[in-house]
Amino acid sequence: MLPTETVDTTVLPPGERFGMWLDLVARTSAPLRIQSAHTADFAARADFIDLGAIHVVEYQYPSLDATRTRKLVRRSDPELYVLALTTGGVGTSSQDGRRSEILAGEFTFYDASREHDVCHHSTDPQRTQATSIITLIPHAALPLPPARMAALYGGRMSGSEGLGALLAQFLLQVTGHPEQYHAADAGRLGAVGLDLATTMLGRHLVAEDAVPTEVRRRALVAQVQAYVHRHLGDATLSPQVVADAQHISLRTLHRLFEAENTTVASYIRDLRLARCRRDLTDPTLRTQPVQVIAARWGFGDKAHFSRVFRAAYGMSPQACRDGDAVPARPVNRLASRVNSSGAD
């Protein structure tokens, strides 16, 4: 499981919960002045996940207003950028004279080393909780021109299309299912998250050239991999289909994967084989015919499926189902670590 730390105020009586939250905020690297209409019973939770290059925090709390004052900035300078995804409720973000209303499914961005105001309120009368996912990015880790970042402070960015949607899906998956990953995956996941955030921010600066080439490449690879996972069961999925969906040439797609030690076709095939092997060894799917499982993951031809499965695992699909399996060779290790939620 990923390294996670949880703070839950409901372990205390209602009258002590807001005080606990204020203590938590005071101990953070960028303390805030907090006000809320729910101080009598502040039922809140924060889940902190350390991903190495970045830190991710999933918040659930009653409606609140927060201010980072000049005095608090002087007291501690964390040298952190904050990229916040609102997942429930509505908020506002203000910094350097720019103010935006942030709806669920949208990002805002600000610098924790400068004064700012953030508000977050529930919009559901039956529910007092507002929810968000915060990504903390060290100044030194973001490979974009610092002098240009002010253009994004207090702004809003979509989390439902393009790279914003991919980054939002990544954050929701990591925070929603940290148990699906190993502690050793944290660094790799942090690098992927940082690449996606960097490229999204670069796009909003209308200066993608400011994003280092390798960062853009890795972010595009992650976008391609996520697309493949989502469409793995489509028998028509091919390198050309993937290239067309990403609005790039087939040649560009192949160049992207040169550094991944695999081809696009092999990546798709190996993922499909891994899904088939998983389903064949699942006792709950025992009554499903082998060919039904193969077709579910894009193998329409029975003979072809049997041939490539045997080549990959050294046995027939039926032998695998019957329990004759031996440890299989690793199939595309990168595919097992990055964007693994997309096809599940």
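The values are calculated or read from the model by the stated rules, or taken from the named source; none is laboratory data. Everything numeric in this text was worked out from a predicted model, so none of it was measured. No Cβ is skipped: glycine too gets one built from the backbone with ideal geometry, and neighbour counts run over all protein chains shown. Accessible surface is based on the protein model in full, side chains and every heavy atom, while ligands, DNA and RNA are left aside. Shrake-Rupley method; radii C 1.70, N 1.55, O 1.52, S 1.80 Å.
With semi-axes defined as the square roots of five times the eigenvalues of the C-alpha gyration tensor, the equivalent ellipsoid of segment 185-277 measures 24, 16, 12 Å, largest first. Post the alpha-carbon centroid distance, segment 3-62 to segment 131-175, in whole angstrom. If we compute the Cα centre of each part, the gap is 21 Å. Contact order, relative form, for segment 103-158: 65 percent (alpha carbon pairs under 8 Å, 6 or more residues apart, mean separation divided by residue count).
Let me know the shape class of segment 69-172, please: from the alpha-carbon gyration tensor, a ≥ b ≥ c as square roots of the eigenvalues, rounded when a/c is under 1.5, otherwise prolate if a/b is greater than b/c, or oblate. In terms of gyration-tensor shape, oblate. Could you compute the net charge surrounding residue 82? Neighbours are other residues with a C-beta less than 12 Å from the C-beta of residue 82; K and R count +1, D and E count -1. Taking every Cβ under 12 Å from that of residue 82, the sum is 0. Rounded to the nearest 20, the Cβ-based charge dipole of segment 95-231 about its Cα centre (Lys and Arg +1, Asp and Glu -1) stands at 220 debye.
By its C-alpha gyration tensor, with a ≥ b ≥ c as the square roots of the eigenvalues, how is segment 5-109 shaped: rounded for a/c under 1.5, else prolate for a/b larger than b/c, else oblate? Verdict is rounded for segment 5-109. The listed residues 276, 119 rank as 119, 276 when sorted by accessible area, largest first, using a 1.4 Å probe. Tally Lys/Arg at +1 and Asp/Glu at -1 over every other residue whose Cβ is under 14 Å from the Cβ of residue 138; what's the total? Result for the neighbourhood of residue 138: -4. Could you tell me the distance between the Cα centroids of segment 90-110 and segment 273-290, to the nearest Å? Using only Cα atoms, the two centres lie 46 Å from each other. With θ taken as phi - 60° and the Karplus curve 6.51 cos²θ - 1.76 cosθ + 1.60 applied, the whole-hertz 3J(HN,Hα) list for segment 75-89 is 5, 8, 10, x, 6, 10, 8, 10, 10, 10, 9, 7, 10, x, x Hz, x standing for glycine and proline.
Only helices enter this figure: runs of n ≥ 4 DSSP H residues, each worth -39500 (n - 2.57), summed and divided by the residues of the chain, yield -12000 deg cm²/dmol at 222 nm to the nearest 500.
Sum up the charges of everything whose Cβ sits under 11 Å from the Cβ of residue 176, counting Lys and Arg as +1 and Asp and Glu as -1, but leave residue 176 out. Around residue 176, the charge tally is -3.
Per-atom-type breakdown for segment 9-133 gives carbon and sulfur 48% of the accessible area (1.4 Å probe, protein chains only). In summary, the helical segments of the chain meeting the span-like criteria, namely a full DSSP H run, a Cα extent along the axis of 18 angstrom or more and a mean Kyte-Doolittle hydropathy of at least -1.0, are 14-27, 162-176, 186-204, 213-230, 264-280. For segment 1-134, the solvent-accessible area with a 1.4 angstrom probe is 48 square angstrom per residue. At q = 0.06, 0.11, 0.15 Å⁻¹ the log10 of I(q)/I(0) for the chain amounts to -0.27, -0.80, -1.21, computed by Debye summation with a single uniform scatterer per C-alpha, solvent ignored.
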